[in-house]
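Enquirer: Quick one: the structure is below, and I'll ask about it shortly.
What follows draws every value from the coordinates through simple rules; no lab data is involved. Please read these numbers as outputs of a predicted model, since none were measured by experiment. Heads up, the Cβs are rebuilt from the backbone with ideal geometry, glycines too, and the neighbour counts pull from every protein chain shown.
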Amino acid sequence: MHSSIKNYEDIIRLIKSKIEDQNTSKLPKIIAVSKTFALDNILPLVEYGHLDYGENKVQEAIEKWSDIKIKKPQIKLHLIGKLQTNKVKFAIRIFDYIHSVDSIKLAKKISDEQKKQNKKVKIFIQVNIGSEEQKSGIDVNKIEELLNFCKELELDVIGLMCIPPINKDSSKYFQKMNLLKNDFNLQQLSMGMSSDYLDAIKNNATYLRIGSSIFGKRN
């Protein structure tokens, strides 16, 4: 058995044990974050049947996934990195989900491209939950404005995403995100990575972005 499959199965078992403790049967969706990993690391998990993969860069995703997606159209690709407006048309072609929408300008560009390509992607609004100057994401106080704008554009916004500050307790940020999701009556929460996904589950994360715990350490 390939190490990525074993690691994936271990994570599923661990999540199930935690979820049983909380008396809820709904398993969060695991996005296997394949950014920077070569295809020979990823293909065993693809063949095993896992369908959701995360990439940070549009160009890398196109190079790695274009052929596989033709052969296996049920695979869903998630853009979890920052999206520049000049890359939107390429992103819409290859990705099924964009987790990093954080501005009116980007939302408008996505809307325009979707019309041109006659394709709709599912969207998360990225929230700068730690109010960090260097980090992407919209300010908490501006979420409502961006959501309303996305509704006017008829974008398919399904939830909120965050990357909490490094070296701080993620739990309080995840709690805040869960409250925001409820405030705005959204269904999905994209949060939790290899280091903190169990804390994210406790706060109702529905999409977990797990890379190194599945594929091993990045170079």
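Enquirer: May I ask you to derive the relative contact order of the chain, considering only C-alpha pairs under 8 Å and at least 6 residues apart, and to give it as an integer percent?
Expert: Result for the chain is 21 percent.
Enquirer: Let me ask another. Sort Met161, Met191, Met1 so the one with the fewest other Cβ atoms within 10 Å of its own Cβ comes first.
Expert: Met1, Met161, Met191
Enquirer: Follow-up. For a quick check: sort Cys162, Cys150 by the number of other beta carbons within 10 angstrom, fewest at the front.
Expert: On the way: Cys162 27, Cys150 20.
In order of increasing Cβ crowding within 10 Å: Cys150, Cys162.
Enquirer: To continue, here is another question. Let me spell out the model: positive unit charges on the Cβ of Lys and Arg, negative unit charges on the Cβ of Asp and Glu, origin at the Cα centre of the chain. What dipole size does that give, in debye rounded to 20? Walk me through the intermediate numbers first.
Expert: Numbers: 36 positive and 27 negative charges, 94 e Å.
Rounded to the nearest 20 debye, it is 460 debye.
Enquirer: Which is farthest toward the positive dipole end of the chain among Leu45, Asn148, Tyr173, measuring Cα position about the Cα centre, with Cβ charges +1 (Lys, Arg) and -1 (Asp, Glu)?
Expert: Value: Leu45.
Enquirer: Separate question: Would you mind getting the Kirkwood hydrodynamic radius of the stretch 42-160 from its Cα pairs, rounded to one decimal in Å?
Expert: Working: mean 1/r = 0.0672 Å⁻¹.
Result for the stretch 42-160 stands at 14.9 Å.
Enquirer: Which ³J(HN,Hα) values, rounded to whole Hz and listed in residue order, are derived for the stretch 157-167 from phi using the Karplus coefficients 6.51, -1.76 and 1.60 in 6.51 cos²θ - 1.76 cosθ + 1.60 with θ = phi - 60°, glycine and proline given as x?
Expert: Values, residue by residue: 7, 9, x, 10, 10, 8, 10, x, x, 5, 6 Hz.
Enquirer: With springs only between Cα atoms under 10 Å, which of Ser136, Ser171, Ser66 fluctuates most in a Gaussian network model of the chain?
Expert: Maximum among the listed residues: Ser66.
Enquirer: I would also like to ask the following. Loop by DSSP (not H, G, I, E, B), at most 16 other beta-carbon atoms within 10 Å: where is the longest site-free stretch of the chain for GluC sites (Glu not before Pro)?
Expert: That gives 1-131 as the longest site-free run.
Enquirer: Order of Arg218, Arg93 from fewest to most other C-beta atoms within 10 Å?
Expert: Going from least to most buried by this count: Arg218, Arg93.
Enquirer: Could you tell me the calculated FRET efficiency between Asp183 and Asp40, based on Cβ-Cβ distance and R0 = 35 angstrom, to the nearest 0.05?
Expert: Working: r = 44 Å, r/R0 = 1.26.
For R0 = 35 Å, the calculated efficiency reads 0.20.
Enquirer: Oh, and also: Across the stretch 119-134, in residue order, what do the Karplus-derived ³J(HN,Hα) couplings come to in whole Hz, using 6.51 cos²θ - 1.76 cosθ + 1.60 with θ = phi - 60° and x for Gly and Pro?
Expert: With coefficients 6.51, -1.76 and 1.60, one gets 9, 10, 10, 8, 10, 10, 8, 7, 9, 7, 5, x, 6, 8, 4, 7 Hz.
Enquirer: When all C-alpha to C-alpha distances in the stretch 1-110 are sorted into bins of 10 Å, what percent of pairs does each bin hold, rounded to whole numbers?
Expert: Final binned percentages: 13, 40, 30, 16, 2.
Enquirer: Label-point separation (nm) for Ser212 and Ser131, each offset 7 Å from Cα along Cα-to-Cβ?
Expert: 2.9 nm
Enquirer: Further question on the same structure: At Ile104 and Lys168, where each label point lies 7 Å from the Cα along Cα→Cβ, what is the point-to-point distance in nanometres?
Expert: Each label point is offset 7 Å from its Cα along the Cβ direction, giving 2.7 nm.
Enquirer: Could you work out how far the C-alpha centroid of the stretch 176-212 sits from that of the stretch 26-103, in angstrom?
Expert: 19 Å
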